[in-house]
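What follows is one structure encoded as structure tokens, with my remarks underneath.
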Amino acid sequence: MTYVVTESCIQCKYTDCVDVCPVDCFVEGPNFLAIDPEECIDCTLCVAECPVEAIYAEDDVPEDQQEFIEINAKLAKVWPIITARKDPLPDADKYSKETDKRKLLVEE
């Protein structure tokens with residue numbers, strides 16, 4: 001099993017999770033973080049650190065977020081690894097309360 005970053009992270013990109021990851025399995029895109037399922041060791045440390053509750057165990061990803069399992073795997077192959085905490089996106093607090101953000105995900 002691996003952990004998965006879901007829609008709540010879009011347009012927020014809080015990196016508290018990155019700071020506690022012992023294996024550097026997070027990758028960073030323009031407005032989202034993803035977890036590389038090949039690198040994740042299922043330690044659970046990132047889950048409690050996410051202020052928007054965007055990270056789930058693969059088996060616990062909500063039904064309406066299932067596509068993020070594949071999104072994380074796909075983006076982990078093309079985005080660079082992030083190993084240190086950064087400031088969240090400028091409007092993170094505003095977007096942290098929004099839902100239905102999938103259309104905002106920038107995958108390039």
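Quick note: the coordinates plus some simple rules give every number you see, no bench work behind them. Remember, it's a predicted structure, so these values are computed and weren't measured experimentally. Cβ placement follows ideal geometry from the backbone for every residue including glycine, while neighbour counts extend to all protein chains displayed.
Let me spell it out: the conditions are (1) of a type in the set (A, V, I, L, M, F, W, C); (2) free of Cβ contacts under 8 Å to residues at least 24 places away in the same chain; (3) closer than 23 Å to residue 97 by Cα, and residue 43 meets all of them except one. Which number is the exception?
The single condition residue 43 does not satisfy is (3).
Looking at region 32-51 only, could you name the residues that are buried (at least 19 other Cβ atoms within 10 Å of the Cβ) and under 23 Å from residue 108 (Cβ atoms)?
32, 33, 34, 35, 36 - these are the residues of region 32-51 that are buried (at least 19 other Cβ atoms within 10 Å of the Cβ) and under 23 Å from residue 108 (Cβ atoms).
Find the helices (runs of 4 or more DSSP H) located wholly in region 29-108 whose residues include 3 or more that are aliphatic (A, V, I, L, M) and farther than 16 Å from residue 11 by Cα, and list them.
Counting at least 3 such residues, we get 45-49, 67-76.
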